[in-house]
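Please read the structure below before turning to the comments.
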Amino acid sequence: MASGEDIFSVMQACILLSWYFYQEGRWVEVWIFAAFQTRVAVPLRLNYPGTFSTHGNNSPGAYLAPPKDLRDLESRRRTWWMTILFDRIASVGGWIHAVDERDLGTELPLRTDDFETGAAIPSNPQDISSPDLFTRHPPQYTDSFLLLIKAVMLFGRVTDFNVRGNLRAPTPPSKNQNPFFLDGFKELDQLISSDFLSNLPQIFRNNTGVTDEPEGTRLDTDIYMVHIIPHAATITLHNPYIDFADPKSLSTTRCINAARSILSAYYTLSATSLDISRLHPFVTVSSRPTVVMHQSSEYFEQICWYLAAVVQIQLCKYFIELGDMERESTAWGEINVLRFAMIEYGRRSPIGTRQERLLQGLMRDIVQLTTHKQPLEVGVPLYPFSHNTLFRKTDIPRPMRDDTGAPFPSPTMSEDTSPPNSGRISVPTSNQRSRSISNANMWGTS
């Protein structure tokens, strides 16, 4: 590394190592490696169109020679975008990105199939500056991985909005203010809450990643994440402005709908025997979760399952204050379903168990306020035809520490054929789903 020899290959190895750290929940290493990768990529000129530049090459530095062929060119593109993806995920919600969008000149990569087959395809016409990047998806340059890049970059814009809005704000965001009067808020809200998903190509818009094939059920984890990341971004943007006491609060409606969509995606997996511990770790991660309930200006927002659970915790507290035990019970059941998902993820990687424990910290108030004798046991059976409840105090699952270690993110996985207690998920009852819908309808959602 010090000599700069094989620097590009070393950088690619560091990207793989970074994902391992992320899966293991080793946040210090995650943050350091995210910075390392961007710092190495910039002098290699990977942020330039064609991932090469003739400008400034007289300056000291280990710059790469021009790509020697199309495969080398595409390898550089994909290495750059994996670096930027990791930076956005490491910074998600509340920390400054290592590289600003204005400094990303590299065009998006080609489809994975075209890269792997070595097809002679012209460069992708879209880059981050394309005005219709999130609403137009040329078929020749669109697959689940490219849509994942766009979804994560869209979330990155929410992070930028939050960071820059709070940087010099005299007071933290409040439920008493209307965020739609903030410059750029309305346009960003429209993009993440509606336009991105509604403009997906039909083949992806009607496919959440779960497909039935003759060999069994398969899951494309990239497209699964594409469908839930915008909902996580919506909650991240609107959470500071939630006001359950105001039935006209659009931010409350947005968060309720987004949390319900994340739950719905989880329920889709519940109908299969797919092993959820093989999902992308982004599905469960959060950072600095305890301050979100206080709506601090320095919060670091939750992602996906965790974020949906945070909305449900706030909703549950509201129902407790109203004395509405039926809807409170429904909220508890949904919180526990998400807790179970995190614990099951924790069977393979410690990240899931850690997130569930952090969630319990957020639940202290409602556990003390509720009249339920055992609120953490409200919910569906652990497995179909089982009399065990979701969370027995004497049998909390712990992370497995076997020789497989933490898995790297995998774009597809097949239906699991492991024993019944090895990561399968239980299906919520129709009554629970209908009560969930009625909770959302309280704010005029559908």
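The values are calculated or read from the model by the stated rules, or taken from the named source; none is laboratory data. Note that the coordinates shown come from a computational prediction; the quantities given were computed from them, not determined experimentally. All Cβ positions, glycine included, derive from the backbone under ideal geometry; neighbour counts span all protein chains shown. Accessible surface is based on the protein model in full, side chains and every heavy atom, while ligands, DNA and RNA are left aside. Shrake-Rupley method; radii C 1.70, N 1.55, O 1.52, S 1.80 Å.
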Where residue 271 falls short, out of the listed (1) of a type outside the set (Phe, Trp, Tyr); (2) at pLDDT 90 or above; (3) surrounded by fewer than 18 Cβ atoms within 10 Å (Cβ to Cβ): (2)
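Counting only residues that are surrounded by fewer than 21 Cβ atoms within 10 Å (Cβ to Cβ) and in a loop (DSSP other than H, G, I, E, B), which one in the stretch 95-106 is modelled with the lowest pLDDT?
So in the stretch 95-106, the residues surrounded by fewer than 21 Cβ atoms within 10 Å (Cβ to Cβ) come out as 95-97, 99-105.
Next, from what is left, pick out any that are in a loop (DSSP other than H, G, I, E, B): 95-97, 99-100, 104-105.
Values: 95: 87, 96: 91, 97: 94, 99: 95, 100: 95, 104: 96, 105: 95.
By that ranking, first place goes to 95.
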Among residues of the stretch 212-256, those that are open to solvent by 50 Å² or more (accessible area, probe 1.4 Å) and either of a type outside the set (Lys, Arg) or in contact with a helix residue (DSSP H, G or I) (Cβ under 7 Å, 6 or more places away or on another chain) (or both), counted: 9
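Between 90, 119, which is aliphatic (A, V, I, L, M), at pLDDT below 95 and over 28 Å from residue 28 (Cβ atoms)? Spell out how you get there, then give the answer.
Details: 90 fails: over 28 Å from residue 28 (Cβ atoms).
Being aliphatic (A, V, I, L, M), at pLDDT below 95 and over 28 Å from residue 28 (Cβ atoms) holds for just one of 90, 119, which is 119.
Tally the residues that are of a type in the set (S, T, N, Q), assigned to a helix (DSSP H, G or I) and over 17 Å from the mean Cα position of the chain (by Cα), restricting the search to the stretch 2-42.
The total comes to 4.
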Residue satisfying condition, being more than 26 Å from residue 9 (Cβ to Cβ), touching a residue at least 40 places away in the same chain (Cβ under 8 Å) and more than 23 Å from the chain's Cα centre (by Cα), within set 122, 131, 139: 139
In the stretch 121-150, residue least open to solvent (accessible area, probe 1.4 Å) [restricted to those that are assigned to a loop (DSSP other than H, G, I, E, B) and in contact with a Gly (Cβ under 9 Å, 6 or more places away or on another chain)]: 128
Test set (1) under 24 Å from residue 339 (Cα atoms); (2) in a helix (DSSP H, G or I); (3) within 17 Å of the chain's Cα centre (by Cα) - residue 191 fails condition number: (1)
Some residue of the stretch 154-163 being polar (S, T, N, Q) and farther than 23 Å from residue 221 by Cβ: yes
Residue within the stretch 42-59 that is at pLDDT 90 or above, under 26 Å from residue 279 (Cβ atoms) and crowded, with 17+ Cβ neighbours inside 10 Å present: no
